Amino acid sequence: MNILKLRKAEELIFRIIMFLATTVIILALCMIIYSILHKGLPSVSWSMISQLPKGGFYFGKEGGILNAILGSVYLASGATLLAFVLGLPVSLYINIHLHKRKKLVNGIRFMLDVMWGIPSIVYGAFGFSVMLFFGMRSSLLAGMLTVTLFILPIMIRAIDEIVKTVPSGLLEATLSLGSTKSETAYRVYFRQCISGITTALLLSFGRAIGDAASVLFTTGYTDNLPTSLAKPTATLPLAIFFQLSSPIEEVKARAYASAVILTVIILIISIISRITSRKYQKNKIK
Amino acid sequence: MSEHVKISVEDLNLYIGKQHILKDINTRIPENQITVILGPSGCGKTTLLKSMNRLTDLYSNVKVDGKILIDNEDILHTDTDITTIRKRMGLLSQRPYPLPMNIFNNVAYGLRISGRKNKAVLRKRVQHYLELVNLWEEVKDRLHDPASSLSIGQQQRLCLARGLSVDPDIILADEPTSALDPISSEVIERKFVDLKSQYTVVVVTHSLQQAKRIADYAIFMYLGEIIEQGPAADFFSNPTEELTRSYIKGLFN
């Protein structure tokens, strides 16, 4: 009898702890969104989205941030695409071809996790030193490559985690039909994991579009529209950073407006990819 | 009775790490018959089955010696590509693993990777194999639905159709009915009996009743060794080993 009471009390305590934790997280998230919307929405206007900046980073009350919006979308899309093309084969290879080399694969995973943890400024500095070595100037391309490097561990490990869950019976079934391992990888595993791969793409895109430190030296900044891979390009995180450090209140408010735009871009990308992946999700074997 | 030996296993030993899983396995599996491998869990029957199409290659720390001859070719030591060897054997696993595609493409997959791409031909072949496993009538109006929407019994038949589509001459089945309801089990069992005129069937099973119903040749394994084997009639009515006798009586399983 006593034990039952004790267990019930334990259950209650843990339920309260879990409830509180969930509430705190949701509240914090709501407050972030509220403060961005509250401070940013009044300054969001059509001209903000459709025009180039006027009057410089610190003093520009006029014009918009079209340069940074386009720059960020180009940069993040390019980097995500590159990281996907390089990362997907890695994830499939370590799970299918290296299926029995457990120790090696765990070593690779550990290294990727360490790389995941390295701050983005370090990637920025690394990219910058490589650029100096080749005599490159800050440009969209240099930023794209640096960001690719920075999101690759995220991409590989996120896909890897989902490929890991494919039952080994499916591998055996596919190989028994006389498939090669690569056919298994791209024709079967890819389809089975498509929803997880979408999540990996989203996660990577979010990191790529939201990071300021890695693009600070490598992509540079400009008030012009991005027209060439070889030229410096504006990005939203840096636009927010510059606007926020301005002494003028109106310009500061524009930083929050830029944050709203950044959030909305991520939201749109999320919705699109959820819808497209749902189409393939239905074929998944449970 | 002059029968051709399809698969011949000679002095097969298999180790995983330091564990000795299969011990001195010797057996000759007759062509166009149903061979049943019986034994309690963990006796190595599944491992023996999987070593026949070298799925054991996927295990880590595995060491195999001995010979497995299929039509007199030693598949453990051969230059023949492993995919060619595997294509000759359809595999049916404990629970069905359809591919993450629609019903049609599940059967067409094997045909496509063997290079058949013509749409009309594909459609005809897919229908043929689905009819062969009595599934066509049930799915002909929903070929583009996901394979996962079928019942487990239907999925297992789909997997059989998929396995047959690459034109094997051996069917390997690893407790193929253990996850199925009695009716689907019966369909699969009956299919095996129908198919044995064209295929060599090797079935691992837990169920003594099933073994008695379908076996032409029986192998009894215990702790990694073959205790007894022989034509089913003799094996079940007159086993020579004490261990086999008590297993058939149901004293342990």
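Worth pointing out:
- Projecting the Cα atoms of A:Gly210, A:Ser228, A:Leu82 onto the charge dipole of segment A:48-283 (Cβ charges, centred on the Cα centre) puts A:Leu82 farthest toward the positive pole.
- Take every Cα pair under 8 Å whose residues are at least 6 apart in sequence, average their separation, divide by the length of chain A, and the relative contact order is 29 percent.
- Residues of segment B:51-89 falling in the label zone of B:Ser41, defined by backbone nitrogen less than 11 Å from a point 7 Å along Cα to beta-carbon, are absent.
- Per-residue Cβ neighbour rank within 10 angstrom, fewest leading, B:Phe252, A:Phe126: B:Phe252, A:Phe126
- Put in line by how crowded their Cβ is, counting other Cβ atoms within 10 Å and starting with the fewest, B:Arg157, A:Arg157, B:Arg162, A:Arg109 read A:Arg109, A:Arg157, B:Arg157, B:Arg162.
- Translational D in µm²/s for segment B:1-118 (Stokes-Einstein at 4 °C, 1.567 mPa s, Kirkwood Rh from C-alpha pairs): 80
- Cα Rg over Rh - the protein assembly as shown, Kirkwood: 1.12
- Distant-in-sequence amide contacts of B:Tyr222, defined by a placed amide H-H separation under 5 Å and a gap of 5 or more residues or a different chain, comprise B:Ile227.
- Inter-part distance where segment A:92-142 and segment A:1-50 are each reduced to a Cα centre, Å: 34
- Net length available on complete extension from A:Gln51 to A:Ile32 is 4.1 nm, with 0.36 nm assigned per residue and the Cα-Cα distance removed.
- For segment A:149-184 versus segment B:165-242, the gap between their alpha-carbon centres in whole angstrom: 33
- Calculated FRET efficiency for the pair A:Lys284/A:Met18, C-beta based, R₀ 45 Å, to 0.05: 0.95
- Helix A:194-210 axis, angle to chain A major axis (alpha carbon atoms, nearest 10°): 30
- The Cβ shell under 9 Å around B:Gln94 holds other residues with a net charge of -1, Lys and Arg each +1, Asp and Glu each -1.
- A simple rule links phi to the HN-Hα coupling: the Karplus curve 6.51 cos²θ - 1.76 cosθ + 1.60 with θ = phi - 60°, which for segment A:258-264 gives 4, 5, 4, 4, 4, 5, 5 Hz, with x for Gly and Pro.
- Within the protein assembly as shown, helix-based [θ] at 222 nm, where runs of 4 or more DSSP H residues each add -39,500 (n - 2.57), nearest 500: -17500 deg cm²/dmol
- Between 0 and 90 degrees, the angle of helix B:152-165 with respect to the longest Cα principal axis of chain B falls at about 90 degrees.
- Net charge of neighbours whose Cβ lies under 9 Å from the Cβ of B:Asp169, counting Lys and Arg as +1 and Asp and Glu as -1: -1
- Packing-based exposure ordering (other Cβ within 10 Å, fewest first) of A:Arg254, B:Arg190: B:Arg190, A:Arg254
- Here the dipole of the protein assembly as shown is about 1540 debye; that uses its Cα centre as origin and unit charges on the Cβ of Lys and Arg (positive) and Asp and Glu (negative).
- Rounded to 10°, Cα long-axis angle of helix B:103-113 versus longest principal axis of chain B: 70
- Counting only other chain Cβ atoms within 10 Å of each residue's Cβ, the peptide A:204-214 averages 0.
- Cut-off 12 Å between beta-carbons: net charge of the residues surrounding B:His4, Lys and Arg +1, Asp and Glu -1: -2
- Remark: relative contact order (segment B:182-253) = 18 percent; criterion is Cα-Cα distance under 8 angstrom and separation of 6 or more residues.
- Within the straight-line cut-off of under 16 Å between alpha carbons, the lysines reachable from A:Lys181 are A:Lys100, A:Lys164, B:Lys87, sequence neighbours fewer than 8 places apart in one chain being disregarded.
- Projection of the Cα convex hull of chain A, averaged over all directions and equal to a quarter of that hull's surface, yields 21.3 nm².
- When DSSP beta bridges are restricted to pairs lying wholly in chain B, around 60% turn out antiparallel.
- 14 Å reach of a label modelled at B:Asp57, 7 Å along Cα-to-Cβ, counting backbone N of segment A:139-177: A:172-177
- Positive-end residue, chain B charge dipole about Cα centroid, Cβ charges, pick of B:Leu76, B:Phe236, B:Val121: B:Val121
- Normalised contact order of chain B, rounded percent, pairs of Cα under 8 Å and 6 or more residues apart: 28
- Test item: B:80-90 mean partner chain Cβ contacts at 10 Å: 3
- Taken residue by residue and averaged, Cβ atoms of other chains lying within 10 Å of the Cβ of A:179-188 number 3.
- Highest to lowest packing among B:211-224, B:20-33, scored as the average C-beta count within 10 Å: B:211-224, B:20-33
- Each of B:Lys212 and B:His144 was given a label point 7 Å from its Cα along the Cα-to-Cβ line. The distance between the two points is 5.0 nm.
- Efficiency of FRET between B:Asp194 and A:Ile275 - r from beta-carbon atoms, R0 51 angstrom, step 0.05: 0.65
Where a number appears in this text, it was derived from the coordinates with a stated rule and is not lab data. None of these values were measured; they are calculated from a predicted model. Neighbour counts run over all protein chains shown; Cβ positions are idealised from the backbone, glycine included.
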